[in-house]
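S.K.: What follows is a single structure, and I will ask about it in a moment.
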Amino acid sequence: LAVAANGRTIGSALRWGALAGIGGAVCATTRAEGVMVPALVLCAAGVTALSGALTWHRDSRLSPLERDAERFARQPASLAIRLVATVVLPLLLTFAATTAIKLVNHREQGIFALADVDAPGFKRLFRTLISIPPMAPDPRLPVPQDVRERARAQSPTYDRLLTAMESDPSSMGYQNACVRTTGVRGEWGSWTIWAMRQGAWYGGEGGIGHRWKDAAELDAFYATAADELRAAMDEGRLESRFAPVTFMPPDWGPLARALPDSAHAAWLALGRPQYNRTSHEALSERQIRQFDATALRRTELSRLLEEPGFEPTSFWHREPAVEALDKIKRSLASTVPALTMASVVVGFMGMAIGAVGLFVGRATKDRTAPAADTSWLVGGLILLSAIVGRILLISLLDASGVPAQSRYTLPAALLLPAFAAIGIYATMQTVKGSIGRVGGGSADRQAAAP
């Protein structure tokens, strides 16, 4: 997006805009963070328009003939092309990719959705549940026990689902995760979504005992539960409140009070990644089996765990190599905080210096000033929007019960070196423009000299 917004030719802007669209399509179809794609595209559109406005202001200092030529022949088309590259192409490709997958799912499974948690019946049921006001609002507990019990009394379908969730032995894992995060027992917390999905498929004792023929039948089950609860609300048998966001309980007061601490936790997750090697003795048999089932190609490592005395033949599984890798990982974990802070400081200082140079260039009408190159401003603001957007998203998740972790903030961490590089570039442009003004004046005065 940043490069597309700075496109100097039609081909360059459109190529990078298409790549941004491919990235947006991949993001929107693989992770829930795809919600950031439209927001980031809108930020890029605003920054691109700002760049166009600054260029327009600079061009107004040309002669009338030059100004008319620039205004009607080059600048409007250039700005329009860059807006197409930063807005239309990314949104179009993202929409095309998500719609294609939804169409395939509709043909094969009967629902027009990316995944089961995006199915309309499932989302309607969850939004209905968070629309029931709890006795003690807590954004970390979207559907607490008192809400579940009141909903169970009004909906036979939801009662079947909740009974299956409570009977499924694997749901204890979600409750244990909630205890570690909130300290509250007997709750699923932010893992309620996954407990609902798992409960709908549980066929053991107390379970639903039914295998769904396709996603449409399963989603109809969720929709029936939502309809029964909505009917109880309409008839006054169940309290309700307005819940505008599907998976976010409308406990805005507690959420706002928790956000500062959550933002601090997200920043620590970004700048201070932790690495701790878990010893074999600390792992349960279930964890080892799960690792072995996942890492199928790590046969030698699996044999190390299963066969005492087995000597690995691979260099990377021998103890010296493992210890060396541990040292490298710990070294990275210890240096990342300093690198993160340095990137942030350099990026912001460079942007500030560049902004001063831009203001001076406009105030003095000097075309050799950094106002002649606003690429650092466009790129820096777009990268900053992505970094801040990621931290805000992780902060909201942390405030609602999903702990901020380095793996969630990693995409923003990868952008910090680029942000620092833009800050250095802005500083260099400002210094170069200042030296040019001190040494020889503006290009217009030099061209007019005999």
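S.K.: Out of curiosity, is Leu129 open to solvent by less than 10 Å² (accessible area, probe 1.4 Å), within 25 Å of Ala256 (Cβ to Cβ), among the aliphatic types (A, V, I, L, M) and in contact with a Leu (Cβ under 9 Å, 6 or more places away or on another chain)? So that I can check it myself, show each step before the final result.
M.R.: Values: open to solvent by less than 10 Å² (accessible area, probe 1.4 Å): yes; within 25 Å of Ala256 (Cβ to Cβ): yes; among the aliphatic types (A, V, I, L, M): yes; in contact with a Leu (Cβ under 9 Å, 6 or more places away or on another chain): yes.
The answer is yes for Leu129.
S.K.: Looking at the structure I just gave you, is Ala386 assigned to a helix (DSSP H, G or I), among the small types (Gly, Ala, Ser) and within 12 Å of the chain's Cα centre (by Cα)?
M.R.: In short, yes.
S.K.: Looking at segment 8-22, which of its residues are small (Gly, Ala, Ser) and touching a residue at least 12 places away in the same chain (Cβ under 8 Å)?
M.R.: Filtering segment 8-22 down to residues small (Gly, Ala, Ser) leaves 11-13, 17-18, 20-21.
Residues satisfying the conditions are Ala13, Gly17, Ala18, Ala20, Gly21.
S.K.: With the requirement that a residue be among the aliphatic types (A, V, I, L, M), over 25 Å from the mean Cα position of the chain (by Cα) and open to solvent by 70 Å² or more (accessible area, probe 1.4 Å), what does segment 324-352 give you?
M.R.: Passing the criteria: Ile328, Met349.
S.K.: Additional query: If you check Tyr202 against the conditions, is it touching a helix residue (DSSP H, G or I) at 6+ places or on another chain (Cβ under 9 Å), closer than 22 Å to Ile394 by Cα, modelled with pLDDT under 90 and open to solvent by 40 Å² or more (accessible area, probe 1.4 Å)? Full working, then the answer.
M.R.: Numbers: touching a helix residue (DSSP H, G or I) at 6+ places or on another chain (Cβ under 9 Å): yes; closer than 22 Å to Ile394 by Cα: no; modelled with pLDDT under 90: yes; open to solvent by 40 Å² or more (accessible area, probe 1.4 Å): yes.
Here the answer is no, as Tyr202 does not meet what is asked.
S.K.: Within segment 6-22, count every residue that is open to solvent by 40 Å² or more (accessible area, probe 1.4 Å) and either touching a Pro at 6+ places or on another chain (Cβ under 8 Å) or among the aromatic types (Phe, Trp, Tyr) (or both). Working first, answer last.
M.R.: Taking segment 6-22 as the starting set, the residues that turn out to be open to solvent by 40 Å² or more (accessible area, probe 1.4 Å) are 8-10, 14-16, 19, 22.
Among the residues that remain, those that are also either touching a Pro at 6+ places or on another chain (Cβ under 8 Å) or among the aromatic types (Phe, Trp, Tyr) (or both) are: 16.
Of the residues in segment 6-22, 1 are open to solvent by 40 Å² or more (accessible area, probe 1.4 Å) and either touching a Pro at 6+ places or on another chain (Cβ under 8 Å) or among the aromatic types (Phe, Trp, Tyr) (or both).
S.K.: Just need a number here: residues in segment 138-177 that are in a helix (DSSP H, G or I), touching a residue at least 12 places away in the same chain (Cβ under 8 Å) and of a type outside the set (Gly, Ala, Ser).
M.R.: Counting residues in segment 138-177 that are in a helix (DSSP H, G or I), touching a residue at least 12 places away in the same chain (Cβ under 8 Å) and of a type outside the set (Gly, Ala, Ser) gives 17.
S.K.: Here are some residues: Pro64, Pro38, Pro90. Which one is crowded, with 17+ Cβ neighbours inside 10 Å and either at pLDDT 85 or above or over 22 Å from the mean Cα position of the chain (by Cα) (or both)?
M.R.: Details: Pro64 fails: crowded, with 17+ Cβ neighbours inside 10 Å; Pro38 fails: crowded, with 17+ Cβ neighbours inside 10 Å.
None of the other options fit; the residue is Pro90.
S.K.: So, Trp191, is that one out of contact with any Asp or Glu (no Cβ under 7 Å at 6 or more places or on another chain), open to solvent by 30 Å² or more (accessible area, probe 1.4 Å), of a type in the set (A, V, I, L, M, F, W, C) and at pLDDT 90 or above or not?
M.R.: Judged against the criteria, Trp191 is a match.
S.K.: Any residue at all in segment 431-444 that is open to solvent by 60 Å² or more (accessible area, probe 1.4 Å), assigned to a helix (DSSP H, G or I) and modelled with pLDDT of 80 or more?
M.R.: Yes.
S.K.: Within segment 132-155, track down each residue that is among the hydrophobic types (A, V, I, L, M, F, W, C) and either open to solvent by less than 10 Å² (accessible area, probe 1.4 Å) or within 20 Å of Leu396 (Cα to Cα) (or both). It would help to see each step written out before you state the result.
M.R.: Our first condition is that a residue be among the hydrophobic types (A, V, I, L, M, F, W, C); within segment 132-155, this holds for 132, 135-136, 141, 143, 147, 151, 153.
Within segment 132-155, Ile132, Ala136, Leu141, Val143, Val147, Ala151 meet the criteria.
S.K.: Any residue in segment 181-205 that's without any contact (Cβ under 8 Å) to a residue 12 or more places away in the chain: show its pairings with residues that are in a helix (DSSP H, G or I) and not hydroxyl-bearing (Ser, Thr, Tyr) at Cβ separation under 6 Å, as long as the two are six or more apart or on different chains.
M.R.: Short answer, once both residue conditions are applied: Arg185/Val179.
S.K.: Moving on to the next point. What number goes with the only condition from (1) surrounded by 17 or more Cβ atoms within 10 Å (Cβ to Cβ); (2) within 28 Å of Phe112 (Cβ to Cβ) that Ala231 does not pass?
M.R.: (1)
The values are calculated or read from the model by the stated rules, or taken from the named source; none is laboratory data. What you see is a predicted model, and the numbers here were worked out from it, not measured in a lab. Don't worry about glycine lacking a Cβ; one is built from the backbone with ideal geometry, like all the others, and counts go over all protein chains shown. To get the accessible areas, we keep the full protein, side chains included, count just its heavy atoms, and leave off ligands, DNA and RNA. Shrake-Rupley method; radii C 1.70, N 1.55, O 1.52, S 1.80 Å.
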